[in-house]
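The values are calculated or read from the model by the stated rules, or taken from the named source; none is laboratory data. What you see is a predicted model; the values in this text were computed from it and never measured. Cβ placement follows ideal geometry from the backbone for every residue including glycine, while neighbour counts extend to all protein chains displayed.
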Amino acid sequence: MGIDKKTVEDVAHLARIELQPSELEKLSRQLHDILGFIDQLSSLDVAQVKPASHILPISNVLREDKPHVCLTPDKALENAPGKSGNFFSVPKIIE
Amino acid sequence: MELNQLTAHELLAKLKKGQFVLEDILNSLYSRIQTVEPKVKAFVRIKAGERPVLNPSADALLGGLPITIKDNICTAGLNTECCSRILEHFCPPYDATVISKLKNAGGSIFPFKANMDEFAFGSSTENSYFGPTHNPWNLTCVPGGSSGGSAAAVASDEAIWALGSDTGGSIRQPASFCGVVGLKPTYGRVSRFGLIAFASSLDQIGPITKDVEDAAILTGIISGYDTNDSTSVNKDVPDYTRSLGKDIKGIKIGIPKEYFIEGMDSEVKGVIQEAISKLKSLGSILNPVSLPHTQYAVPVYYIIATAEASSNLARFDGVQYGYRAHSDNLIEMYKKTRAEGFGEEAKRRIILGTFVLSHGYYDAYYLRALKVRTLIKNDFDAVFKDFDCIVTPTSPTPAFKIGERSADPLKMYLSDIYTISVNLAGIPAISIPCGFTKKGLPVGLQIMAKPFNEEMLFRLAHAFEQETEWHKLKPKI
């Protein structure tokens, strides 16, 4: 399976990254090569193999539902590029 | 010898005897930095003549000894930017668990953070927003990556010891290129809380040091269960220094035939074969073994690691921290922020990762990669039934020239061919200096062990180190 320019453009939109035309050109070429290399995996028969989404036998780690100290609003907003009162501010979403 | 050239355990012994004070160590480090940093560039955001003060608790275990930290590990009040424009000016409001542990043990956090490939995406430290680090053994070569700043700082004696992070070889490969010791602990041994995530199922924090004893000390301090990281494992941390000084008679070592193939530098091969003979002369039992799915490790890695990265890096959107591009439209703001904030390799990996997870491609790429990951892990399980450890080169080549591979991402990805399987299988591995090429570039020997058997790594590595002088050689910068 390969990847064409149109697919790269769509995926870049999903990933919320604006690409310049020259970047799109270069990236499409490089991703095509990388995926060509990755395609060697298709030669393996994995029908009976279980996927390893995680390497440790851990599942559903729970903790007690108790209140604990967390960041104060001031601290949490310290690094914000835009803030207003106790909130992060962003460009208007609803017209 | 100057104080900055000593190992942490040597300095601690002398501190205890009162032969000097902490201030003397700092003076020696800062004076070294002043001389060689303009050439090595191991640190980021460093200002000439700047000399921040440390406030250590000098009577605890580590006596206030400074530790150099990679720029992706959160240090409260000290900028942590992952060497990316998108985290410009980010100053964490909290410490990573490993940082709290170091502070509790009486260590001080060195105020200059170590350079790295942006978000740890790379094998050469050339992908840093702040520019490349240079290899102390040859300034025209890369120090390896992504923890290249940490490794170069330790190798050039600009640091006593350091922490790095390893997702596909990012501690071991730079340790190998710079002639120092680097360990990737078992997945789950060290808390990842406060490590800015690259690929959460692969990332581990680990030490980069001048010798094996320092690595054992530092690993002991940073290891352990942490309720803030649900993937850390609740298992006692042994005193790793007790693994040192033991003989290795009868230890069963496997040499995987798939690691000694075409593409391996002939000088590296020679050096590794000599190291293997040395291990044999120390009484260990060596036998060839097979890890049949080795060739699939790199493709599997570049699916799983980029998939996880694309998800982890979704948080960098110009809202909560870091760089924000101006736009009156929200979606456009995200897109411009990420276009201007991420470097080329980060964009490449995010887009590749998004692609392999996207509808219609998930089964063919991501799911298939997870299945092959199982096969790779099974390979190791099978070998470890009969063997205590596996020995390989850390990298197929010594340090390469700056710029040599940066135009070809695929060629760069293949630099990690010997280190990647370890992360996929979740096992621990160490790289130790084992010789030099004719041109004077270091070569690293990699030792792998069963999950949670870091003790075996320290035992074998220390026995080898005691019989060799490679770790004592210093670069002329």
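Kindly evaluate B:I261 against the criterion of being within 30 Å of B:G440 (Cβ to Cβ) and surrounded by 17 or more Cβ atoms within 10 Å (Cβ to Cβ).
Working: within 30 Å of B:G440 (Cβ to Cβ): yes; surrounded by 17 or more Cβ atoms within 10 Å (Cβ to Cβ): no.
Spelling it out, it is not the case that B:I261 is within 30 Å of B:G440 (Cβ to Cβ) and surrounded by 17 or more Cβ atoms within 10 Å (Cβ to Cβ).
Taking the stretch B:310-345 as the region of interest, how many residues are acidic (D, E) and over 28 Å from the mean Cα position of the chain (by Cα)? Steps first, please.
Kept after step one, since they are acidic (D, E), are these residues of the stretch B:310-345: B:317, B:328, B:332, B:340, B:344-345.
Restricting the remaining residues to those that are over 28 Å from the mean Cα position of the chain (by Cα) gives B:328, B:332.
Going through the stretch B:310-345 one residue at a time, the tally reaches 2.
Cβ-Cβ below 6 Å, separation at least six or inter-chain, first residue in the stretch B:258-279 and without any contact (Cβ under 8 Å) to a residue 40 or more places away in the chain, second surrounded by 14 or more Cβ atoms within 10 Å (Cβ to Cβ) and not polar (S, T, N, Q): which pairs?
B:E258/B:L291
Among the residues of the stretch A:54-80 satisfying the criterion of being within 30 Å of B:Y301 (Cβ to Cβ) and of a type outside the set (S, T, N, Q), which is surrounded by the most Cβ atoms within 10 Å (Cβ to Cβ)? Write out each step before concluding.
If we filter the stretch A:54-80 for residues that are within 30 Å of B:Y301 (Cβ to Cβ), which is where we start, we get A:54-61.
Applying the additional criterion that residues be of a type outside the set (S, T, N, Q) yields A:54-58, A:61.
On the way: A:H54: 16, A:I55: 21, A:L56: 14, A:P57: 6, A:I58: 13, A:V61: 11.
The selected residue is A:I55.
When residues of the stretch B:309-332 are filtered for being facing chain A (nearest Cβ under 7 Å), in contact with a helix residue (DSSP H, G or I) (Cβ under 6 Å, 6 or more places away or on another chain) and among the hydrophobic types (A, V, I, L, M, F, W, C), how many remain?
0
What are the residues in the stretch A:14-31 that are in a helix (DSSP H, G or I) and either facing another protein chain (nearest Cβ under 8 Å) or over 20 Å from the mean Cα position of the chain (by Cα) (or both), if any? If you could, list the steps in order and put the result at the bottom.
Looking only at the stretch A:14-31, we keep the residues that are in a helix (DSSP H, G or I), and these are A:14, A:21-31.
Those that are in a helix (DSSP H, G or I) and either facing another protein chain (nearest Cβ under 8 Å) or over 20 Å from the mean Cα position of the chain (by Cα) (or both): A:L14, A:P21, A:S22, A:E23, A:E25, A:K26, A:L27, A:R29, A:Q30, A:L31.
Here is a check on your reading of the model: is B:I276 closer than 30 Å to B:K438 by Cα, of a type in the set (A, V, I, L, M) and not in a helix (DSSP H, G or I)?
Numbers: closer than 30 Å to B:K438 by Cα: yes; of a type in the set (A, V, I, L, M): yes; not in a helix (DSSP H, G or I): no.
So B:I276 does not fit the description; no.
Do we have A:K83 as exposed (fewer than 10 other Cβ atoms within 10 Å of the Cβ), touching a helix residue (DSSP H, G or I) at 6+ places or on another chain (Cβ under 7 Å) and among the basic types (K, R) here?
Numbers: exposed (fewer than 10 other Cβ atoms within 10 Å of the Cβ): no; touching a helix residue (DSSP H, G or I) at 6+ places or on another chain (Cβ under 7 Å): yes; among the basic types (K, R): yes.
Here the answer is no, as A:K83 does not meet what is asked.
Can we say B:V443 is closer than 29 Å to B:G283 by Cα and either under 21 Å from the mean Cα position of the chain (by Cα) or among the aromatic types (F, W, Y) (or both)? Break it down into steps so the answer makes sense when it comes.
Numbers: closer than 29 Å to B:G283 by Cα: yes; either under 21 Å from the mean Cα position of the chain (by Cα) or among the aromatic types (F, W, Y) (or both): yes.
Criteria met by B:V443.
Looking for whichever is surrounded by fewer than 18 Cβ atoms within 10 Å (Cβ to Cβ) and either out of contact with any Lys or Arg (no Cβ under 7 Å at 6 or more places or on another chain) or without any contact (Cβ under 8 Å) to a residue 40 or more places away in the chain (or both) here; the options are B:Y362, B:Y302. Which one fits? First the steps, then the outcome.
Working: B:Y302 fails: surrounded by fewer than 18 Cβ atoms within 10 Å (Cβ to Cβ).
The match here is B:Y362.
Among the numbered criteria (1) assigned to a loop (DSSP other than H, G, I, E, B); (2) buried (at least 24 other Cβ atoms within 10 Å of the Cβ), which single criterion is violated by B:P207?
(1)
When the stretch A:70-95 is examined, which residues are found to be within 7 Å of chain B (Cβ to nearest Cβ) and within 19 Å of B:Y334 (Cβ to Cβ)?
A:N79, A:A80, A:P81, A:G82, A:F88, A:V90, A:P91, A:I93
Tally time: how many residues in the stretch B:5-50 are in contact with a Ser or Thr (Cβ under 9 Å, 6 or more places away or on another chain) and surrounded by fewer than 13 Cβ atoms within 10 Å (Cβ to Cβ)?
Residues that pass the stated criteria total 1.
Every residue in the stretch A:20-39 that is surrounded by 14 or more Cβ atoms within 10 Å (Cβ to Cβ) and polar (S, T, N, Q), please.
A:S28, A:Q30
Name, by its number, the condition in (1) on the phi > 0 side of the Ramachandran plot; (2) within 14 Å of chain A (Cβ to nearest Cβ); (3) not acidic (D, E) that does not hold for B:P292.
(1)
Among the residues of the stretch A:1-12, count how many are surrounded by fewer than 20 Cβ atoms within 10 Å (Cβ to Cβ) and facing another protein chain (nearest Cβ under 8 Å). Let's see the steps before the verdict.
Keep residues of the stretch A:1-12 that are surrounded by fewer than 20 Cβ atoms within 10 Å (Cβ to Cβ), which gives A:1-2, A:4-7, A:9-10.
From what is left, the residues that are facing another protein chain (nearest Cβ under 8 Å) are A:1, A:7.
Result for the stretch A:1-12: 2.
Could you list, in sequence order, all residues of the stretch B:154-202 that are within 25 Å of B:E88 (Cβ to Cβ) and assigned to a helix (DSSP H, G or I)?
B:P174
Restricting attention to the stretch B:217-233, does a residue exist that is within 14 Å of another protein chain (Cβ to nearest Cβ), among the small types (G, A, S) and either farther than 23 Å from B:V181 by Cα or not in a strand (DSSP E or B) (or both)?
Taking the stretch B:217-233 as the starting set, the residues that turn out to be within 14 Å of another protein chain (Cβ to nearest Cβ) are B:225-233.
Add one more test, that the residue is among the small types (G, A, S), and what stays is B:230, B:232.
Then keep just the ones that are either farther than 23 Å from B:V181 by Cα or not in a strand (DSSP E or B) (or both); that gives B:230, B:232.
The answer is yes, given that some residue of the stretch B:217-233 is within 14 Å of another protein chain (Cβ to nearest Cβ), among the small types (G, A, S) and either farther than 23 Å from B:V181 by Cα or not in a strand (DSSP E or B) (or both).
One line per residue, one yes/no per condition, for (1) in contact with a helix residue (DSSP H, G or I) (Cβ under 9 Å, 6 or more places away or on another chain); (2) acidic (D, E); (3) not in a helix (DSSP H, G or I):
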site	(1), (2), (3)
A:F37	yes, no, no
A:P57	no, no, yes
A:N60	no, no, yes
A:K92	yes, no, yes
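More than 28 Å from B:G322 (Cβ to Cβ), at pLDDT below 95 and either of a type in the set (D, E) or within 20 Å of the chain's Cα centre (by Cα) (or both) - does that describe any residue in the stretch B:33-43?
no
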